[in-house]
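Please read the structure below before turning to the comments.
Values quoted throughout were computed directly from the atomic coordinates according to the rules given, and no laboratory measurement underlies them. Note that this is a predicted model, so its numbers are computed, not measured. Here the Cβ positions follow ideal geometry from the backbone for every residue, glycine too, while neighbour counts run over all protein chains shown.
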């Protein structure tokens, strides 16, 4: 092994794997779910008993993917544990290592433009199984060495470092597109943001699309990866992917392993593949609209957006005023009133998995996200009504799963879709005054309902129905509960219907782009096209009096609101061409679009499932990482179970600060309300102490400890705020030995702590919450020598600055621990900046910080580093030190500036590098000649 290669591994493992070794919260799954397991060809499927039907169907598709996938990847078969969740509401899934597992969040999305009309669990299965194949194929060469050296942490890190995220996600989107009739690659909305860039004069470099931006709307790695992989496989075939993954993961080239593997297999580098694929689609998209009579609408919001801004769901408040949901990189969700070129903030809805609102009769309705504070995988969407005139917000439901609420004409009743734990939908009404609910219509299993709208006379509701990988518009008569189909079944994405003048207006992807269409409420199934968009029109609304058409339009750097008079409507009756027939698809993706529908079934049935509620089920060793910091180096054996109830580690290391070895073992269990933990440790200590005769002495000894602890991590989402509360209690038996200054002693400590935060959610550019408070209190006491105690408290208040992305922060701290105590607790207190941490029995601190962004460079070099943001902080610190034995106190005052550069290292790891200059208003007793001090600050994430 050559010197360069050895250095590469050393840096990689000792410095960067440590970022992966992070504790995961335990016990997030609700109790009482009656977990079952099913053994399959791909591994073990774990699911709640109430989700058994969906589990069997998912297992059948995954078995087909394992055995019959026409474009699958090869790799050593490694059994996977797949967990199906049915109480989460965020439509998502993932594959992860440490331990090797996958998790599907089973509730489908409301918007078809996000994730297509394909059955949600089928789409998840195809997409996530591709990640499983990628991970298996990547266990080659150096990545495999990483596994043998550190376990699955090493496997994860080495493949993450060698293979770009755009490949992982782009390849998975490519496969879901190839194997289904309407995977994301077939949706115009999926590439709408890229189209907006193509039609502008803006060009982004490979570094920019790889790492993103705080300044500009740069589509994510799913979208860029899909375009690049579609172009690559069009030219070289699907078979190019296998050797590409293997060569990159094996690090056949130590530097730029993926780009050089790509060059070997295809002739492209990553940059040249990006340019080739981007230039190709730009030309196709531009040619696509050359002969179109593009609709000339009038923009009602900013037509040129300096800051990425998004306007959605326009609705008429009156003939001359419009309500719209808005957010931007600077601001979180707001409902605005647009009137005569003025914008007025009406209210600020809370966080939601499905940002949507409806207006009627001076009232607004929407849903907000809530969760079980301890079992955070139990999620809810509750209904809120807002009275605009009285500025009063009412909560209509508690811990329910509601979507797409709408108000009737006098705002006395709300209609909404309730989704149960079997993912079955029921139409309900809620009386606002009485706050009583009534079931109106229960839809059969297999039919998923989204996006309600109500007629002006409250007699009809319309909605989107999904079934068998297709979607159509339906209506229901609220008097006789008769359903009527309004649009043909199609694999196209359709969205946001709205009733007006005997028609239902909606967006759909019927003709290469998303346009506005309408169908009659009479049920003729005849579709009429009303617009010809350059990129995409969405979420229509119609003014009944003058028939003006409102919609959200994709433009460069966001979405705007546009208006179109009836005289300019296209009004063309159309026949629907299915997504696989549209011209913008790469033809090689159309060879196997019915794989998911035709997947072979086997003999799997409910009788083959087994109970999965054993205490230690799935508990296994998965990693043995080396973790390093400037203070210590250690190695641990790490254990977890798949449902994340258990966590354990055994290991040891060396502390450079105290020049001694340490060993420890930890075990935590999170099935109960508190997370229970136990640990044993042995540490060599080397520290300085102040004794009663007033001199400093270096003390060395061995510290052996046994601890029992309990913690209750609680997290609430409350509108626009996140509340966290974490009380902790730990009992510790401590034995000190080997000290020459005094005899061996045993200690018994009780440690109590409480951390609290109440923070407003942030927009993308916000450096900190606009409002918020965080605090922590820690108290430790020797149960035998009651005078030996440590008390520490710190707090921080977040306030808005002069501009949206600025932050004013006031913080304080207090610490008390007598230096005469033989045992000194670890010190993580924040002292006045610029000074050495003083010896003190008591210390007080007050600080003021003002943080603001300076630049967004969006520039990188050689794939080594990408400069994403430069920010600064001006600070003032006041501290006061007290030493009781000397009857001594001293004040510390400093002011200065910190400059931070937010970087993405090696296109993978977010790291902030900071430089601090402190002017010492008072003299530093430990360095009296220094008036200005300097420091370097390094932190992960930003």
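Things worth noting here:
- With Cα atoms as the point set, the range 148-285 shows a radius of gyration and Dmax of 15.4, 49 Å.
- Based on C-alpha pairs under 8 angstrom that are at least 6 apart in sequence, the range 98-188 has a relative contact order of 37 percent.
- For the range 780-878, dividing the convex hull volume of the Cα atoms by the residue count gives 156 Å³ per residue.
- Counting only the Cα atoms, the range 117-171 fills a convex hull of 76 Å³ per residue.
- Contact order normalised by residue count of the range 218-262, Cα under 8 Å, 6+ apart, percent: 24 percent
- Evaluating kT/(6 pi eta Rh) at 37 °C and 0.692 mPa s, with the Kirkwood radius of the range 473-609 over Cα pairs in the Stokes-Einstein relation, gives 191 µm² s⁻¹.
- Relative frequency of Cα-Cα separations exceeding 41 Å in the chain, percent: 45 percent
- Peptides 92-100, 721-729 ordered by packing proxy, namely the average of other Cβ atoms within 10 Å per residue, highest first: 92-100, 721-729.
- Judged by the mean number of other Cβ atoms found within 10 Å, the most tightly packed of the peptides 51-57, 844-850, 288-294 leads the ranking 51-57, 844-850, 288-294.
- Orientation-averaged projected area, Cα convex hull of the range 220-295 (nm²): 6.2 nm²
- Sorted from greatest to least, the principal axis extents spanned by the alpha carbons of the range 36-77 come out as 34, 18, 9 Å.
- Ranked packing of 155-168, 707-720, 490-503, most packed first, by mean Cβ within 10 Å: 155-168, 490-503, 707-720
- Against the rule of thumb 2.2 N^0.38 Å, how large the Cα Rg of the range 111-211 comes out: 1.31
- At 1.306 mPa s and 10 °C, Stokes diffusion of the range 350-440 via Kirkwood alpha-carbon radius, µm² per second: 119 µm²/s
- Pair-distance profile P(r), taking every C-alpha pair of the range 165-229, with 5 angstrom steps and integer %: 3, 19, 27, 25, 15, 8, 3, 0
- Percent of Cα pairs in the range 764-823 per distance bin of 10 Å, from zero to the largest separation: 20, 32, 20, 16, 11, 1.
- Cα-based convex hull, the range 434-511, per residue volume (Å³, whole number): 110 Å³
- Shape call, the range 34-122: gyration tensor on alpha carbons, a/c limit 1.5: oblate
- Over the C-alpha trace of the range 492-551, radius of gyration and Dmax come out as 10.8, 32 angstrom.
- The chain: relative contact order in percent, alpha carbon pairs under 8 Å with at least 6 residues between: 10 percent
- Over the range 299-455 - Rg/Rh using Cα atoms and the Kirkwood inverse-distance radius: 0.99
- Pairs of alpha carbons in the range 253-328 whose separation is greater than 15 Å (percent): 75 percent
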